[in-house]
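Contents: one structure, followed by commentary.
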Amino acid sequence: MAVAVVVAYAAAVRLAVVSAGWDYSFLDAGNRLRRRKGCTPLVKRMDFTEAYSDMCSTVGLAAREGNVKVLRKLLKKGRSVDVADNRGWMPIHEAAYHNSVECLQMLIHADSSENYIKTKTFEGFCALHLAASQGHWKIVQILLEAGADPNATTLEETTPLFLAVENGQIDVLRLLLQYGANVNGSHSMCGWNALHQATFQENAEIIKLLLKKGANKECQDDFGITPLFVAAQYGKLESLSILISSGSVMKKTDVMKSIVNISFKAQLPCANVNCQALDKATPLFIAAQEGHTECVELLLSSGADPDLYCNEDNWQLPIHAAAQMGHTKILDLLIPLTNRACDTGPNKVSPVYSAVFGGHEECLETLLRCGYSPDAQMCLIFGFSTPMCMAFQKELTVGPIALILKLTSSESCEFFGIVNILLKYGAQLNELHLAYCLKYEKFSVFRYFLKKCCPLTPWSHISEFINHAIKAQTKYKEWLPSLLLAGFDPLSLLCSSWIDSVSDDILIFTLEFTNWRNLPPAVEKMLSARASNSSRALQKHIASIPSLTHLCRLEIRSSLKPEQLQSDSFICQLPLPRSLHDYLLYAEVLRMNEVPELAVIQDGKISEAT
């Protein structure tokens, strides 16, 4: 009999991976209070719902079965009417629940005290609660006339009025209101009341009756949620229409027309479409999050503000919710109405981040096609430099199993799709993107970024890049040759951390792209110290004299522009013999180090094939 009210924290929408040390609360204003039908008791109680016949008194059994003849005999013998069973149910509860009208009248006659009428079960239900929940109009009338309290509450703070609404018992509801049941105030745990429940169940007749009797459309539960918010959250379009229009119901076919003409509204004050829950979420935000397109249309046509911030940090808007959750149609509605300050404004978060975080390519492309920046602003709140950086780091949020097994093919496709769309609309590449390629072992993407002319100088994050490069040194053949052949200055690598950390083979390979006998004194000193404790191969290489052909190769390559070195074909198209093409491309060095040929492009798109 406990009221069916639930507060569930939407873990599926809240997109955070604690195990990986991340907390991406991109929908924090829309998830803490969602997925609710009310509120469950926070303390788990004993189950008093199952009735045991051997625990019930003879008077109780007679009332349960509606056996007037037996009950009359028992009462004449003086049997007690207040013996409770295992649930705390007395005969009056049995009669009320099972609609035994004559039995109830006999029991009240036997003990007409107000205390008996109001006696409660172990769960706090009085006879009126039980009768109201079952829609037993006559029983309710008898109890009310006998002095039952129409505003009595259970242990979970549930009233008879709420139970009547919850079970759609409108005749009982009218009777309770007639006898003074409070139409306003809390009717269940967490402050959820009858209007919240009627709205959730989309019972138009009951909603109208409650409003007619003075129900407050702006009533809030303990989380600041109003009935209109509930309607928006669960896509209850008819409920939403009634609350907005104060009685006149809008049909679904009329919703689009209301964008232009909102004359359906009545003269009575409408419910506030811009109300905010305690976490600042709005009805428009939650409708956008849950994908209720028609509710979004109705809210917008009724004055809902798409620029009303929905979190404490003042950046989260309905457009973010739609983008993250993949609701493209809603995004189309919000884009022309949302202030573009959210795109690149300081201390804001572009909805492009939300689309990338949600992994929704269609939403991402919709935003970029409408002019949102693929580079956005730095997302300082969550530690992202660009949406492209988020595309890499988001992969940590796929769960602990995926962290061990790497990404599935579908997740990889999602990643590549996001990257391709960002590049298609002009995302600017930088060294951080290359660093993330190394960090997450996306080596084919690393090579692709080089071919897309990712700038190789100047770098402001060289130390971060080198840190990830050192960690990726065991697979250096998949990325270091491409980096150096693209024209990256090897002297930028020859710092103390690189020289002291990488293997002899990697250090020798790096030196092949330099004149190792004419290095800066500081580099020579570090190499000398390293060589003294290294293999003879490294010592021999450092002591050797570079060939004239090698020096010529360095000179020729230094005269080429960065985009020429990063090109797949420029050197091969020079009017030189094939052998010189190979030499300029370090073919003999790659062969000696067993560096495989690595494919990065298929039909102009990134491929994972190596």
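Would you be able to say whether some residue in segment 295-307 is in contact (Cβ under 8 Å) with a residue 12 or more places away in the chain and farther than 19 Å from residue 240 by Cα? Within segment 295-307, one or more residues are in contact (Cβ under 8 Å) with a residue 12 or more places away in the chain and farther than 19 Å from residue 240 by Cα. The selection criterion, being without any contact (Cβ under 8 Å) to a residue 60 or more places away in the chain and within 27 Å of residue 437 (Cβ to Cβ), holds for residue 494. Restricting 201, 197 to residues that are polar (S, T, N, Q) and without any contact (Cβ under 8 Å) to a residue 40 or more places away in the chain narrows the list to 201. Report whether or not residue 438 is touching a helix residue (DSSP H, G or I) at 6+ places or on another chain (Cβ under 7 Å), under 21 Å from residue 416 (Cα atoms), at pLDDT 95 or above and not hydroxyl-bearing (Ser, Thr, Tyr). Yes, satisfied.
The criterion of at least 1 residues that are farther than 20 Å from residue 413 by Cα, in contact with an Asp or Glu (Cβ under 6 Å, 6 or more places away or on another chain) and not assigned by TED's automatic domain parsing to the domain that holds residue 503 is met, among helices (runs of 4 or more DSSP H) falling completely within segment 423-491, by 431-439.
Between 243, 195, the distinction of being under 13 Å from residue 283 (Cα atoms) and either surrounded by 20 or more Cβ atoms within 10 Å (Cβ to Cβ) or small (Gly, Ala, Ser) (or both) belongs to 243 only. Somewhere in segment 102-112, is a residue in contact with a Gly (Cβ under 7 Å, 6 or more places away or on another chain) and not charged (D, E, K, R)? Yes, the conditions are met somewhere in segment 102-112. Among the residues of segment 555-572, those identified as surrounded by 14 or more Cβ atoms within 10 Å (Cβ to Cβ), assigned to a helix (DSSP H, G or I) and of a type in the set (A, V, I, L, M, F, W, C) are 556, 565, 571. Quick one: which of 508, 545 is among the β-branched types (Val, Ile, Thr), assigned to a helix (DSSP H, G or I) and at pLDDT 95 or above? That would be 508, the only listed residue that is among the β-branched types (Val, Ile, Thr), assigned to a helix (DSSP H, G or I) and at pLDDT 95 or above. Note on segment 164-181: residues that are out of contact with any helix residue (DSSP H, G or I) (no Cβ under 7 Å at 6 or more places or on another chain) and under 13 Å from residue 152 (Cβ atoms) amount to 1. Taking the criterion of being in contact with a Ser or Thr (Cβ under 9 Å, 6 or more places away or on another chain) and of a type in the set (A, V, I, L, M), the residues of segment 108-146 that qualify are 127, 130, 132, 139, 146. What are the pairs with Cβ atoms under 8 angstrom where one residue, in segment 41-60, is more than 25 Å from residue 71 (Cα to Cα) and the other, located anywhere, is in a loop (DSSP other than H, G, I, E, B) and modelled with pLDDT under 75? Sequence gap at least six, or different chains. Note: pairs meeting the criteria are 41/2; 45/2. All of 580, 576 fail the test of being within 30 Å of residue 537 (Cβ to Cβ) and either out of contact with any Ser or Thr (no Cβ under 7 Å at 6 or more places or on another chain) or at pLDDT 95 or above (or both), apart from 580.
For segment 345-387, the candidate set comprises residues that are among the hydroxyl-bearing types (Ser, Thr, Tyr) and modelled with pLDDT of 95 or more; within that set, the residue that is farthest from residue 322 (Cα to Cα) is 373. Considering 125, 162, the condition of being part of a loop (DSSP other than H, G, I, E, B) and either under 18 Å from residue 219 (Cβ atoms) or not small (Gly, Ala, Ser) (or both) is satisfied by 125 alone. Restricting attention to segment 99-112, does a residue exist that is in the same structural domain as residue 65 (by TED's automatic domain parsing), assigned to a loop (DSSP other than H, G, I, E, B) and at pLDDT below 95? Yes, some residue in segment 99-112 is in the same structural domain as residue 65 (by TED's automatic domain parsing), assigned to a loop (DSSP other than H, G, I, E, B) and at pLDDT below 95. The set of residues in segment 293-313 that are more than 16 Å from the chain's Cα centre (by Cα) and part of a loop (DSSP other than H, G, I, E, B) comprises 302, 303, 304, 305, 306, 307, 308, 309, 312, 313.
The values are calculated or read from the model by the stated rules, or taken from the named source; none is laboratory data. Fair warning: this is a prediction, and the values are worked out from it, not measured in the lab. With ideal geometry, Cβ positions are generated from the backbone for all residues, glycine too; neighbour counts draw on all protein chains shown.
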